[in-house]
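Presented below is the structure to which this report refers.
Every number in this text was worked out from the coordinates using simple rules, so none of it is lab data. The structure displayed is predicted, hence computed values, not measured ones. Heads up, the Cβs are rebuilt from the backbone with ideal geometry, glycines too, and the neighbour counts pull from every protein chain shown.
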Amino acid sequence: MFRSGIETAIQNALKDMGAEDVVFVVERPSDMAHGDYATNVALAAAKILKKNPRDVAAELQSKLENSAGVEKTQVAGAGFINFYLSHDALTTTVKEAAEDSWGKGNTYAGKKVLVEYTSPNLFKPLHIGNLIGNILGESIARLFEASGADVKRLNYPSDIGLTIAKGVWGLQKHNLNPENIAELGKAYVLGNEAYESSEAKEQIEEINRALYAGSNAEWSTLREKGIATSLKHLHELCVRLGTKGFDKEFFESQSGVLGQKIVSDNIGSVFEVSDGATVYHGEHTRVFLNSQGLPTYEAKEVGLFELKSNAYPNFDISITVTGKEQTDFFRIVFEAIRKVFPGKTNGKDLLHVPTSFLKLTTGKMSSRLGNVITGESLLAEVTEAARGREDVAVGALKYTVLKQGSGKDIVFDPEKSLSLEGDSGPYVQYALVRARSLLRQAKDARMENAADGGRSRPLGQALPSASILLRRSLVHFPDVVARAAGELEPHHVVTYLTELAAAFNSWYAAERLIVDGTVSADALALVQAVEHTLHCGLDVLGIPSPEEM
RNA sequence: GCCCUUGUAGUUCAAUGGAUAGAACAGCUCCGUCCUAAGGAGUAGAUGUAGGUUCGAUUCCUACCGAGGGCACCA
């Protein structure tokens, strides 16, 4: 990593100049013409040293010229110092990029990170919102793994409550089969309609109470069968989406009972009774136990924390990925949890990562259940558009979800389906497929050690060749992964991969790897580096890497 | 009413307080004896409004306008 070397060199130079406390960055310049790294240190130090920024830059420049891997430095603009990597440094990077350790950082080494995501309402058909949470959570889990953390994947399905009661009512009333996922979904929709129209409101509430109490064997059996069917279906869909298995699943039926007890035990210290309900007064007041003494979603979160922290007492970071409408809710609930469990939460991060809403424009999906587009029908629809390739469809879907910052709405037109060209998952997958195809064919070619054509390019002159641009893009992959993990923002990886794929496609159009049955060692190493980087990048996003398309 | 998030090309998204605001789709031009055209090259097009802080603001602050969400027994 040349960047950290440059940072250290700058810090030493600052010390010489008596300006140690200057806050500066070494970053990738927005334009490659400005070099491979740039720093604003002179601009930041100028004020403290009471000198002209360009003079400070010139002074620093002379002290930085011999940084590792740097061929040339340059003072530019208002006082930026630009660094150009040497040919040897790029060659070293290309070699490193083909190794297993590429893109594997250690910024979270030794940390235990819990990522809770997907967490559907069992009985309800899996909708697009569940899919988005699953996609984002999986990528965050993989980013932390790539950064050295010990990651535990957690799923927190809702297996008790009004939703389940509605489903049980529908199963019984309409004599539907709880072991058939389609009939189960239908039962929920019918139950929901009946509840909304108050046709069966009281019956369903009675079922709900009986399920909590376990007092009706027939209803409880329907519930258990439905849960088993629903979970099985969820796990199958996770496999299709490429989610690694969950390490643990916690259920609301467990967290509710626990939460109820913990909240009751903390009345007076953390919670108060108000109008018969047990509440927490934070930024605003939230009800943890309703006036019947039953746990609300809030109390269940308290119970869930107890379950999580008992299973993983040494965790460092606990991440919950859910819809962004719950942002305020979690702010207050985490605050309450910290008061209930000061010892267990001290020094630990409790984070909520909001998922986007998927806003549908006009248009219909071919199969619907109730008024909701199911995850499966969406996947089927996109697979059809992807010429029958589910791996390409999963790539397209995940790319669309992950390409923007989390929590920002995704506008989606089901008629147009998802983009399969340009800035899209298949675009990156296709670049990888091309690289793999080249590597397969290169096995039969003769190897030559001829130097790459860009070697003697005089800096600052002529347009850099496609292969030079490609090498210079490769350098930044580890930084991008580290930043994405630190910010919980997979979209940085998406943006980077698209740029790398574009640079590779330009190279592919401009230059040939195999000429008259021979390949150059340099060029082959470059293709191997690109192949490996694209693969690692897609892997961190949870997007499949196809062999051919 | 209070709180949170958000406003960038016709559209969908980028841009840790920095240099000429990047892509893609749609539009208009080109590229097919050649490693997979789900590709490549070119062209045109954007920071909601008004102030402020700063050497420098899409980014930070204030107000206004627009959009989404939340605010007591749902999850």
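Summary table
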{"quantity": "Extension gain (nm, one decimal) between A:Lys248 and A:Arg387, 0.36 nm per residue minus Cα-Cα", "calculated": "46.5 nm"}
{"quantity": "Backbone N within the stretch A:143-167 under 15 Å of label point (7 Å from A:Val257 Cα along the Cβ vector)", "calculated": "A:159-161"}
{"quantity": "Gain upon complete extension [A:Glu199, A:Lys324; 0.36 nm per residue less C-alpha separation]", "calculated": "41.8 nm"}
{"quantity": "Mean Cβ neighbour count within 10 Å, used as a protection proxy, ranking A:322-329, A:80-87 highest first", "calculated": "A:80-87, A:322-329"}
{"quantity": "Per-peptide average of other Cβ atoms within 10 Å, ordering A:172-182, A:536-546, A:517-527 highest first", "calculated": "A:536-546, A:517-527, A:172-182"}
{"quantity": "Order by protection proxy (mean Cβ within 10 Å, highest first), peptides A:191-204, A:42-55", "calculated": "A:42-55, A:191-204"}
{"quantity": "For the stretch A:463-502, average projected area of the Cα convex hull in nm²", "calculated": "2.7"}
{"quantity": "Prolate/oblate/rounded label for chain A (Cα gyration tensor, a/c 1.5)", "calculated": "oblate"}
{"quantity": "Cα-projected label distance for A:Asp444 with A:Met549, points at 7 Å along beta-carbon direction, nm", "calculated": "2.4"}
{"quantity": "Footprinting exposure proxy for A:Ser318, A:Ser269 (fewest neighbouring C-beta atoms within 10 Å first)", "calculated": "A:Ser269, A:Ser318"}
{"quantity": "On Cα atoms only, tilt of A:217-241 relative to the major axis of chain A in degrees", "calculated": "10"}
{"quantity": "Ellipticity estimate at 222 nm from DSSP helix runs (n ≥ 4, -39,500 (n - 2.57)) divided over chain A, nearest 500", "calculated": "-16500 deg cm²/dmol"}
{"quantity": "Debye intensity ratio in log₁₀ form over the Cα atoms of the stretch A:19-96, taken at each q of 0.12, 0.16 Å⁻¹", "calculated": "-0.34, -0.58"}
{"quantity": "Descending semi-axes in whole angstrom, ellipsoid equivalent of the stretch A:247-381, from the Cα gyration tensor", "calculated": "32, 19, 15"}
{"quantity": "FRET efficiency, A:Lys50 to A:Asp88 (Cβ-Cβ, R0 45 Å, nearest 0.05)", "calculated": "0.70"}
